[in-house]
1. Out of the strands (runs of 3 or more DSSP E) lying entirely within segment 1-65, which hold 2 or more residues that are open to solvent by 50 Å² or more (accessible area, probe 1.4 Å) and modelled with pLDDT of 95 or more?
2. Exactly one condition in (1) within 23 Å of the chain's Cα centre (by Cα); (2) more than 22 Å from Thr379 (Cα to Cα); (3) not β-branched (Val, Ile, Thr) is not met by Asp310; state its number.
3. On the given criteria, is Asp121 more than 16 Å from ligand 1 (Cβ to nearest atom), closer than 24 Å to His240 by Cα and either open to solvent by less than 10 Å² (accessible area, probe 1.4 Å) or in contact with a helix residue (DSSP H, G or I) (Cβ under 9 Å, 6 or more places away or on another chain) (or both)?
4. Among all residue pairs at least 6 apart or on different chains, which show Cβ distances below 6 Å where the first residue, located in segment 452-470, is open to solvent by less than 80 Å² (accessible area, probe 1.4 Å) and the second is modelled with pLDDT of 95 or more and of a type in the set (Phe, Trp, Tyr)?
5. Pick from segment 181-198 the residues that are touching a helix residue (DSSP H, G or I) at 6+ places or on another chain (Cβ under 7 Å) and assigned to a helix (DSSP H, G or I): which of them is farthest from ligand 2 (Cβ to nearest atom)?
6. Can you tell me which condition Glu351 does not meet? The list is (1) assigned to a loop (DSSP other than H, G, I, E, B); (2) within 16 Å of ligand 3 (Cβ to nearest atom); (3) buried (at least 24 other Cβ atoms within 10 Å of the Cβ), and all the others hold.
7. With the structure loaded, tell me whether Leu228 is more than 16 Å from ligand 2 (Cβ to nearest atom), outside any helix (DSSP H, G or I) and in contact with a helix residue (DSSP H, G or I) (Cβ under 8 Å, 6 or more places away or on another chain) or whether it fails that test.
8. When you scan segment 166-181, do you find a residue that is within 15 Å of ligand 1 (Cβ to nearest atom), more than 20 Å from Tyr468 (Cα to Cα) and open to solvent by less than 20 Å² (accessible area, probe 1.4 Å), even just one?
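The values are calculated or read from the model by the stated rules, or taken from the named source; none is laboratory data. Only a predicted model underlies this, so the values are computations on that prediction, with no experimental measurement involved. So basically every Cβ, Gly included, is an ideal-geometry build from the backbone, and we count neighbours across all protein chains shown. SASA here: full protein model, heavy atoms, side chains in, ligands and nucleic acids out. Shrake-Rupley method; radii C 1.70, N 1.55, O 1.52, S 1.80 Å.
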Amino acid sequence: MSLTLIRNGTVVTAVEKMQADVLIDGGKVVALLGREHTVVAENEIDAEGKLVIPGGIDVHTHMELPFGGTFAADTFETGTRAAAFGGTTTIIDFAVQTKGQSAMDGWEAWMEKARGNCAIDYGFHMITGDINDQTLKEMEQLMREGVTSFKMFMAYPGVFYSDDGQIVRAMQKAAEDGATICMHAENGIAIDVFVQQALERGETDPLYHGIVRKSILEGEAAHRAIKLAEVTGAQLYIVHLSAKEALDEVIRARDEGLRVYAETCPQYLFLSLDDLGNGFEGAKYVCSPPLRDRAAGHQDRLWRGLRTNDLQVVSTDHCPFCMGDHPRFGTQKQLGQGDFSKIPNGMPGVENRMELIYSGGVAEGRIDANRFVEITATTPARMFGLYPRKGTIAVGADADIVILDTKATHVITAETHHMDVDYSAYEGWELSCMVETVLSKGKVIISDGTYHGNPGDGEYLPRGLSQYHN
Ligand code: DUC
Ligand code: ZN
Ligand code: ZN
């Protein structure tokens, strides 16, 4: 493979901001050069005036997730290509074990969906939807295949839900093996009571999805998950944290020295209950946990948590469903006309995360550029056993690199996005930066608004144990 040199940019990692040129050979970074060098390369990319950052790592996506009678609209092919357009060069998706199924079979089915289709590298967490003696043994097998984190749901009774006994058993096994338990922390049993009561009152609009899934029930589930992690000694990572009550629980646990971590997502940092309120249009914004009441202060607390490292990661929970019919998967959000509980839960976002967090975070002065890199790439890599191959720009790391133009503005619209979904949750939003060039393992896969890669360029990443102990 020929040499590539990224010249004249400002290289930003989680800790450094350097005037340096990046030399790439064989898909790896081989040198960071001060400006006064004489190296020339066959491929030279000018990054004058731009930031050169590690490719984003989105540790929470759901390509083709079966949900509520349909499937998340993006396949591994369309979803990973869209991710690349947005400056994300690695995803960790969720393979699913359904009730009665072996976990290994679930993982193999997801490997099959992804194989040969991905534009960027990918790994898997395993959703363990049926903890029993066999699954516990399979957790060990999965770890040998590089699946070192297991997602459990305290929500969705009858679907993905695990009871406290199952959670304890999985956590004991995780503690024994060094795995991480990822938790969807919402009290689904209590929520279902409120759902039924709302429907009986004729409260059927999408808005009520946000009202019945009360933030206190996220706090309660986070508390319970933390206590179960404490009693078993497992490492716990709370996914898509949206509520200040849950954040308070994480802060308390961390102050007590527990290995408890959490991510939030752009939708919780930028959108709110108001977005659920415009008749059935609100279905675009139905996801779980739901968007929260801005006036109650959740958003401000999440931003503060990101600044203070009480929250360590921003992922997307990318799980798109169309408002109109999807050409392959048919009716999606419309399944919930007249009954909000039947709206497939999820929102698109894998393409928007990097630019949204830079624009709303760094450009707005909420976090600095190093912290931006840390929460979107470096900590995700460390948290899920991919560092230092991924998540930084350093000698020996994969040359997964984004050139970010922080002077260019552009507007998000479904007309030009690359996700296979017919709306954008951020339609018309002006961003104060733009992903210009994206390299995956040294190859330019995005430049001039064009994708230059091929499905199958992305490889499966067997992951190690978590390297994050902060
Ligand atoms: N939440 C969503 O919004 N979609 C998929 C699964 C989940 O937990
Ligand atoms: Zn979830
Ligand atoms: Zn999810």
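1. Details: elements: 4-7, 10-12, 17-19, 21-25, 28-33, 43-46, 51-54, 56-61.
Fully inside segment 1-65 and qualifying: 17-19, 28-33, 43-46.
2. Going through the list (1) within 23 Å of the chain's Cα centre (by Cα); (2) more than 22 Å from Thr379 (Cα to Cα); (3) not β-branched (Val, Ile, Thr), Asp310 breaks only (2).
3. Numbers: more than 16 Å from ligand 1 (Cβ to nearest atom): yes; closer than 24 Å to His240 by Cα: yes; either open to solvent by less than 10 Å² (accessible area, probe 1.4 Å) or in contact with a helix residue (DSSP H, G or I) (Cβ under 9 Å, 6 or more places away or on another chain) (or both): yes.
The answer is yes for Asp121.
4. If the second residue must be modelled with pLDDT of 95 or more and of a type in the set (Phe, Trp, Tyr), the pairs left are Gly458/Tyr122; Arg463/Phe384; Gln467/Tyr387.
5. Filtering segment 181-198 down to residues touching a helix residue (DSSP H, G or I) at 6+ places or on another chain (Cβ under 7 Å) leaves 181, 183, 185-187, 190-191, 194-195, 198.
Now restrict to residues that are assigned to a helix (DSSP H, G or I): 190-191, 194-195, 198.
Details: Ala190: 17, Ile191: 13, Phe194: 18, Val195: 17, Ala198: 21 Å.
Ranking the qualifying residues of segment 181-198, first place goes to Ala198.
6. Glu351 satisfies every listed condition except (2).
7. Numbers: more than 16 Å from ligand 2 (Cβ to nearest atom): yes; outside any helix (DSSP H, G or I): no; in contact with a helix residue (DSSP H, G or I) (Cβ under 8 Å, 6 or more places away or on another chain): yes.
No; evaluated as a whole, the condition is false for this residue.
8. Taking every residue of segment 166-181 in turn, none turns out to be within 15 Å of ligand 1 (Cβ to nearest atom), more than 20 Å from Tyr468 (Cα to Cα) and open to solvent by less than 20 Å² (accessible area, probe 1.4 Å).
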